[in-house]
1. When you check residue 49 against the structure, is it more than 16 Å from the chain's Cα centre (by Cα), exposed (fewer than 10 other Cβ atoms within 10 Å of the Cβ) and assigned to a loop (DSSP other than H, G, I, E, B), yes or no?
2. Give segment 1-40 a look and list any residue that's modelled with pLDDT of 95 or more and either assigned to a loop (DSSP other than H, G, I, E, B) or over 19 Å from the mean Cα position of the chain (by Cα) (or both), or say none.
3. Evaluate segment 10-26: report whether one residue or more is in contact (Cβ under 8 Å) with a residue 12 or more places away in the chain and touching a helix residue (DSSP H, G or I) at 6+ places or on another chain (Cβ under 9 Å).
Amino acid sequence: MERHGEEVHLDTDEARAGSTPHVTRYVLAVSLALVLIAFTGIWLAQAHL
């Protein structure tokens, strides 16, 4: 941490103040897979009518 008068400059890790477990990637991947499965099911249901 550096001070320049009234300003405080932090490194990225200091400003983040936590860990980044990359959970968002897994949520996005699972959500995308579920949407594809749902759309495929809807498409197949419409094709058999």
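1. On the way: more than 16 Å from the chain's Cα centre (by Cα): yes; exposed (fewer than 10 other Cβ atoms within 10 Å of the Cβ): yes; assigned to a loop (DSSP other than H, G, I, E, B): yes.
Answer is yes for this residue.
2. 37, 38, 39, 40
3. no
The values are calculated or read from the model by the stated rules, or taken from the named source; none is laboratory data. These figures come from a predicted structure and were not determined experimentally. Heads up, the Cβs are rebuilt from the backbone with ideal geometry, glycines too, and the neighbour counts pull from every protein chain shown.
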